[in-house]
Amino acid sequence: MIIVRNAAVERLTKETEIFAAVDLDGGNISIDTGIGFFDHMLTAFAVHSGFGLTVRAKGDLQVDCHHTVEDTGIVIGQALCKALGDKSGIMRYGSFYVPMDEALAFSSVDVSGRPFLVFNAEMPQATVGGFDCCMTEEFFRALAFNAGITLHIKCEYGSNSHHIIEAVFKAVAHSLACAVKRSGSAQALSTKGSLG
């Protein structure tokens, strides 16, 4: 069984400098991406998952938020992948609904080692603060593909983009928390005997 439950990753490019540390069993939460609403969402993600999460990001925000948000998803995903090790000893699956005022979001995750994203959430407003709402899907795609998880996200309904995005982040957080809980077994939850 190889599962370490915490990891840190740093990624440097000409567009961004990102550091992320994840602890599946809790710990400090410290988020600074330069995008206020995104910081709020990542903080909500950490609080509702119960994960310790540190993110420090510097990006070319003079262009827009795209590179910073997507690259942050890449790095958090890579840290999650490292923290999960060979994915043995965890529940593997998790699903959760979260209401946020008029919005209702659903997330279902399989920590499978097979990355995939299904994202179905309409954003009535294009921006929230300095955050482009279309980047919600890009963040979760980067997260899912770098973490090696299958992630399905759906907003059932909603009329306020802030509420929709916040419900989505919290639903993903809770579904991941369920999936990475210790199963009490040293084995991977798979008929194959391993995940990946």
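Step by step: first the residues of segment 72-112, then only those that are surrounded by fewer than 24 Cβ atoms within 10 Å (Cβ to Cβ), among the charged types (D, E, K, R) and farther than 21 Å from PHE38 by Cβ, then the one that is modelled with the lowest pLDDT. Which residue is that?
Of everything passing the filter in segment 72-112, ASP86 is modelled with the lowest pLDDT.
Output yes when any residue across segment 131-154 is crowded, with 22+ Cβ neighbours inside 10 Å, modelled with pLDDT under 95 and assigned to a strand (DSSP E or B), and no when none is.
no
Taking segment 113-130 as the search range and keeping residues that are in contact (Cβ under 8 Å) with a residue 40 or more places away in the chain and crowded, with 17+ Cβ neighbours inside 10 Å, which one is nearest to ALA147 (Cα to Cα)?
Taking the candidates together, the pick is GLY113.
Within segment 7-40, track down each residue that is in contact with a helix residue (DSSP H, G or I) (Cβ under 6 Å, 6 or more places away or on another chain) and either at pLDDT below 95 or of a type in the set (D, E, K, R) (or both).
ARG11, GLU15 - these are the residues of segment 7-40 that are in contact with a helix residue (DSSP H, G or I) (Cβ under 6 Å, 6 or more places away or on another chain) and either at pLDDT below 95 or of a type in the set (D, E, K, R) (or both).
Going by what's in this entry, would LYS87 be described as among the basic types (Lys, Arg) and assigned to a strand (DSSP E or B)? Walk me through it before giving the result.
Working: among the basic types (Lys, Arg): yes; assigned to a strand (DSSP E or B): no.
Criteria not met by LYS87.
Just to be sure I understand, how many residues within segment 48-70 are assigned to a helix (DSSP H, G or I) and within 12 Å of the chain's Cα centre (by Cα)?
Pass one, segment 48-70, residues assigned to a helix (DSSP H, G or I): 48-49, 66-70.
From what's left, within 12 Å of the chain's Cα centre (by Cα): 48-49, 69-70.
So the count comes out to 4.
Restricting the first residue to segment 143-158 and requiring it to be in contact (Cβ under 8 Å) with a residue 12 or more places away in the chain and closer than 15 Å to VAL180 by Cα, which pairs with a second residue that is surrounded by fewer than 24 Cβ atoms within 10 Å (Cβ to Cβ) and acidic (Asp, Glu) meet a Cβ separation below 9 Å and a spacing of at least six or different chains?
Going by the 9 Å Cβ cut-off, the qualifying pairs are ILE149/ASP110; THR150/ASP110; LEU151/ASP110.
Looking only at segment 95-110, decide whether some residue is under 20 Å from ARG182 (Cβ atoms), in contact with a Leu (Cβ under 6 Å, 6 or more places away or on another chain), in contact (Cβ under 8 Å) with a residue 12 or more places away in the chain and not in a helix (DSSP H, G or I).
Yes, because at least one residue in segment 95-110 is under 20 Å from ARG182 (Cβ atoms), in contact with a Leu (Cβ under 6 Å, 6 or more places away or on another chain), in contact (Cβ under 8 Å) with a residue 12 or more places away in the chain and not in a helix (DSSP H, G or I).
Name the residue, out of GLU17, GLU10, that is part of a strand (DSSP E or B), loosely packed, with under 15 Cβ neighbours inside 10 Å, of a type in the set (D, E, K, R) and touching a residue at least 24 places away in the same chain (Cβ under 8 Å).
On the way: GLU17 fails: loosely packed, with under 15 Cβ neighbours inside 10 Å.
Checking each option against the conditions leaves just GLU10.
Hey, can you tell me all the residues within segment 40-71 that are under 20 Å from HIS174 (Cβ atoms) and in contact with a strand residue (DSSP E or B) (Cβ under 9 Å, 6 or more places away or on another chain)? It would help to see each step written out before you state the result.
Just the residues of segment 40-71 that are under 20 Å from HIS174 (Cβ atoms), to begin with: 40-53, 55.
If the condition is that a residue be under 20 Å from HIS174 (Cβ atoms) and in contact with a strand residue (DSSP E or B) (Cβ under 9 Å, 6 or more places away or on another chain), then HIS40, MET41, LEU42, THR43, PHE45, ALA46, VAL47, HIS48, PHE51, GLY52, LEU53, VAL55 are the ones that fit.
For segment 159-188, give me each residue that is modelled with pLDDT under 95 and surrounded by 17 or more Cβ atoms within 10 Å (Cβ to Cβ).
ALA188
Checking MET41 against (1) touching a residue at least 40 places away in the same chain (Cβ under 8 Å); (2) under 12 Å from the mean Cα position of the chain (by Cα); (3) surrounded by fewer than 22 Cβ atoms within 10 Å (Cβ to Cβ), which test does it fail?
Unmet condition: (3).
From the list ILE31, ILE35, pick out the single residue that is closer than 17 Å to PHE139 by Cβ and surrounded by fewer than 22 Cβ atoms within 10 Å (Cβ to Cβ).
Details: ILE35 fails: surrounded by fewer than 22 Cβ atoms within 10 Å (Cβ to Cβ).
Every option except ILE31 fails the conditions.
The values are calculated or read from the model by the stated rules, or taken from the named source; none is laboratory data. Model, not experiment: these values are computed from the prediction. Please note: Cβ atoms are built from the backbone with ideal geometry, for glycine as well, and neighbour counts cover all protein chains shown.
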